[in-house]
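Asks: What follows is a single structure, and I will ask about it in a moment.
The values are calculated or read from the model by the stated rules, or taken from the named source; none is laboratory data. Note that the structure is a prediction, hence the values are computed from the model and not measured. Cβ placement follows ideal geometry from the backbone for every residue including glycine, while neighbour counts extend to all protein chains displayed. Just the protein is used for accessible areas: all its heavy atoms, side chains included, with ligands, DNA and RNA removed. Shrake-Rupley method; radii C 1.70, N 1.55, O 1.52, S 1.80 Å.
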Amino acid sequence: MLNNLADIEQEITSCPVGNKEELEAYRLKYLSRNGLLTSLFEDLKGVSREEKPAAGKKLNEIKRMAEAKFNTAKAELEDKDTGSADMDLTIPGRSFSVGREHILSQTLAEMVKIFREIGFKVTDGPELEEEFYNFDALNTPAHHPARDMQDTFYVQDKNDRDKKYVLRTHTSPVQIRTMLKNKPPLRIVSPGKVFRNETVTYKNYFMFQQIEGLYVDKNVSMRDLKGVLDYFFRKFYGEKTVTRFIPSFFPFTEPSGQVDVSCFICGGKGCKTCKETGWLEIGGCGMVDPNVFRSVNIDPEEYTGYAFGMGIERLAMMKYGIKDIRTFYQNDVRFLDQF
Ligand code: PHE
């Protein structure tokens, strides 16, 4: 019987059980009540006394091996089963978004790069500003309408009631800080947040960002100002862009101008973005007022200079066709992800 058992062991080991049908055939043939193993245990009864212990031991080993093979194969087939029945391989994967720089930071970086290339240094100043820098030194006296509470956020100093602070209403106070600390020639740009007590609408926000420019040297003229702004806007909006100045008023520049650029969408013909005018209003500029020079102890007979200021949101809105300034600050990733 022992020889016979060795053959049977071999047979069971090599019997295929790769699918349900094969496994069932295997079970019926070897393990079932009428299977081969049951009948072998029957046969054991007729084996001689000498041979019986060894044959019985061997038969039990074969049985355990046959059952283990069955269980392993069954478990593997069930695993595969759940694989195809309970898993929908067509479901789209979970989406995730990769963080990136905010569109305003991108715009600002691009602007600063253009100015750096032509020799402007980047400086900054505080957002909580003294009235002196935001107004007085900028030739904006106490009675000036820009100082009205309706336009400006005032902050009271607890220890010194006479000293009033403001959330700066423009980046121009950086002009004063720069000129007080440094001697001309000076060539700086200064980006940063500014605050105005505005009703929030699609085009106005109580906080926005500006970039200030200042150049002070001997014999600086309006031509230099026009040249630099022309250059900047050609780089920023494209080579065909044209700039124009329209007379305007700021207390700290004389003469003062409003800067317009030809609409880069329609090329100046007139479209929705430029409200059919062919021009987009971009910011303010002018020659530094002699009174401003006096307030920072620079001799206006010796030096002249120009300054300009533009709203960064405005430039980005026009460049990217963004219709509502509030979207910059709501930080909805569906908006931010587009840039
Ligand atoms: N500070 C002005 C504003 O906020 C802009 C400006 C800057 C005008 C520099 C002239 C010179 O409107």
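Asks: Under 8 Å for C-alpha pairs, at least 6 residues apart: give me the relative contact order for the chain, rounded to a whole percent.
Replies: Across the chain, relative contact order equals 14 percent.
Asks: What ranking do 94-101, 266-273 get when scored by the average of other Cβ atoms within 10 Å per residue, highest first?
Replies: Final packing ranking: 266-273, 94-101.
Asks: Taking Cβ-Cβ under 4.7 Å as the only way to count a partner, pick out the unpartnered cysteines of the chain.
Replies: So far as the 4.7 Å Cβ criterion goes, Cys15, Cys285 stand without a partner in the chain.
Asks: Using θ = phi - 60° and the Karplus curve 6.51 cos²θ - 1.76 cosθ + 1.60, what whole-Hz ³J(HN,Hα) does each residue of region 255-268 get, with Gly and Pro shown as x?
Replies: Using θ = phi - 60°, the values come out as x, 10, x, 9, 9, 10, 10, 5, 5, 7, 7, 9, x, x Hz.
Asks: OK, next. Whenever you get a sec, compute what percent of the accessible area on region 2-84 sits on carbon and sulfur atoms (1.4 Å probe).
Replies: For region 2-84, the apolar C and S fraction of the accessible surface comes to 50 percent.
Asks: Something else about it: Write down, largest first, the equivalent ellipsoid semi-axes of the chain in whole Å, where each equals the square root of 5 times an eigenvalue of the alpha-carbon gyration tensor.
Replies: 89, 23, 19
Asks: Binned at 10 Å from 0, what are the whole-percent values of the Cα-Cα distance distribution for region 79-149, short to long?
Replies: Computed distribution, short to long bins: 13, 18, 19, 16, 9, 9, 9, 6, 1.
Asks: Moving on to the next point. For the chain, what does -39500 (n - 2.57) per DSSP helix run (n ≥ 4), summed and divided by total residues, give at 222 nm, in deg cm²/dmol to the nearest 500?
Replies: Computed mean residue ellipticity for the chain: -11500 deg cm²/dmol.
Asks: Could you work out which residue, out of Leu23, Leu128, Leu315, moves most in a Gaussian network model of the chain, that is, has the largest mean-square fluctuation with Cα springs under 10 Å?
Replies: In the Gaussian network model the winner is Leu23.
Asks: Output the relative contact order of region 10-155, whole-number percent, from Cα pairs under 8 angstrom with separation of 6+ residues.
Replies: 15
Asks: Enter the mean projected area of the convex hull around the alpha-carbon atoms of region 2-84, in nm², rounded to one decimal.
Replies: It is 5.4 nm².
Asks: Please list, by residue number, every one of the GluC sites (Glu not before Pro) in region 240-339 that is coil in DSSP and has at most 13 other beta-carbon atoms within 10 Å.
Replies: Glu276, Glu301, Glu302
Asks: In addition: At a 10 angstrom cut-off on C-beta neighbours, averaged per residue, how do the peptides 153-161, 190-198 rank from highest to lowest?
Replies: Result, highest mean Cβ count within 10 Å first: 190-198, 153-161.
Asks: For region 106-185, what size does the Cα cloud have along each of its three principal axes, sorted from largest down, in whole Å?
Replies: Each principal axis gives a Cα extent; for region 106-185 these are 44, 31, 26 Å.
Asks: Hey, another quick one. Specify the inter-centroid distance of region 68-126 and region 1-36, based on alpha-carbon positions, in whole Å.
Replies: 52
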